[in-house]
Amino acid sequence: MTKAIVATILLMLIAVSPLAHAEDVQVVLTDQDIALIRTNCVGVQSSMQRVHSSDALARYNLAQQYNIISTKLMAPMNSRVSLNKLNGVAMTQTTVDFDETVSEFKLMYQQYEETTSRALKMNCKDQPVSFYDTLVMARSQKAAVRDAINRINILLQQYDTQFDQLRAQALQKTTGVTP
Amino acid sequence: MSDDPKLAAELSRWSQHRFVMLIVGVICIALFLVSAALSLYNNSGASQLDFSSPTYQDIRKQARRDTTQVDFSATGTLDKAAYDQFKKMYTERTGKVVNVNSFDEKALSEESLQLLVDHSTDQSVPAQ
């Protein structure tokens, strides 16, 4: 019984010790690491500020282009395919997936931006471990944003391929010749 | 007016302070509406794209609305010309997003930020 209590207390002590938690990897910060974070963190915050600004610009430009592609190109094309009584189910499905992934991208960016802003506002000299934790979280959230962008790119390529197939079939039907 | 003196006194007291109450009421409503608007502004993600904020001073000029006309009609026949027009517009537009290497994870990597690097040892020893 006593051993169990001691083991529980030890586990609790380990749980509250200054560890940096990543999503899957647990990084143990030594006293030397913490001292280095205290020394370097202001410079790192300055670098992060620049990354934060350029990412905000990228988010703005990308979302603008995604919106144009979806509303001014994909939607009118799907409508036109339907009006011409062609089979555009696959293209419509890709458009739906595209819009969903764009929403996911915006959400992922929002989370990443909130975490980065928190890291920038943090007094890192007083809270080096929290700062490191926040930075690790921002890294994984940025990777999630990048992943959403990669999936969007795949969907854009997929729509292009589906469009080429539809065009080939439709032109073959009307002219009897492969374009 | 009421015949009841107590009620009359009460009404008179309220009427004396009604201007103050009006002001307090208006301020309360304004505070509520402003807090609701700020909450929407922050939670919707609009604040993160508000380049008027001093944080984004350096990139403000680079953020421009894309006013290029993209006119692909939702109606009409689909002939070769229409397919070619769409293909051209689609390729042009997707080229602006697919070939952009944004949100590169390396920008926040340890190699890039060097948070856990001891820079004091990097300093060269002055010549004797």
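Interface size, chains A and B: roughly 5200 Å² of accessible area buried, both sides included, 1.4 Å probe, rounded to the nearest 100. Axis of helix B:80-98 versus longest Cα principal axis of chain B: the two differ by about 80°, to the nearest ten degrees. Legend: mean number of C-beta atoms from other chains within 10 angstrom of residue C-beta atoms, peptide B:77-84, equals 5.
Here the accessible area is traced with a 1.4 Å probe on the protein chains. For region A:53-143, carbon and sulfur cover 52 percent of it. A loss of 40 Å² or more of accessible area (1.4 Å probe, protein heavy atoms, ligands and nucleic acids excluded) relative to the isolated chain is seen in these residues of region B:94-110: B:Val97, B:Val98, B:Ser102, B:Phe103, B:Glu105, B:Leu108. Ranked by the mean number of other Cβ atoms within 10 Å per residue, highest first, peptides A:39-51, A:124-136 order as A:124-136, A:39-51.
Is the C-alpha gyration tensor of region B:1-96 telling us rounded, prolate or oblate? Criteria: a/c under 1.5 is rounded; beyond that, a/b larger than b/c is prolate, otherwise oblate. Judged from the Cα gyration tensor, region B:1-96 comes out prolate (a/c at least 1.5, a/b above b/c). Split the accessible area of region B:23-87 by element, probe 1.4 Å, and carbon with sulfur accounts for 63%. Solvent-accessible surface of region A:133-176, averaged per residue with a 1.4 angstrom probe and all protein chains in place: 45 square angstrom. Among B:39-48, A:90-99, B:11-20, the peptide with the highest mean count of other Cβ atoms within 10 Å heads the list, and the full ranking is A:90-99, B:39-48, B:11-20.
Considering only the Cα atoms of the protein assembly as shown, their convex hull presents on average a projected area of 37.7 nm². Computed over region A:101-151, relative contact order equals 55 percent, with contacts defined as Cα pairs under 8 Å that lie 6+ residues apart. Between the Cα long axis of helix B:18-43 and the first principal axis of chain B there is an angle of about 20°, rounded to the nearest 10. Between the Cα long axis of helix B:5-16 and the first principal axis of chain B there is an angle of about 40°, rounded to the nearest 10. Structural size metrics of region A:40-179, computed from C-alpha coordinates, are Rg and Dmax of 21.2, 75 Å. Mean residue ellipticity, 222 nm, helices only, the protein assembly as shown: the sum of -39500 (n - 2.57) across DSSP H runs of n ≥ 4, divided by residue count and rounded to 500, is -23500 deg cm²/dmol.
The values are calculated or read from the model by the stated rules, or taken from the named source; none is laboratory data. Note that the structure is predicted; figures quoted are calculated from it, not measured. When we count neighbours, we look across all protein chains shown, and the Cβ atoms used for this are built from the backbone with ideal geometry, even at glycine. Surface areas here come from the heavy atoms of the whole protein model, side chains and all, with no ligands, DNA or RNA. Shrake-Rupley method; radii C 1.70, N 1.55, O 1.52, S 1.80 Å.
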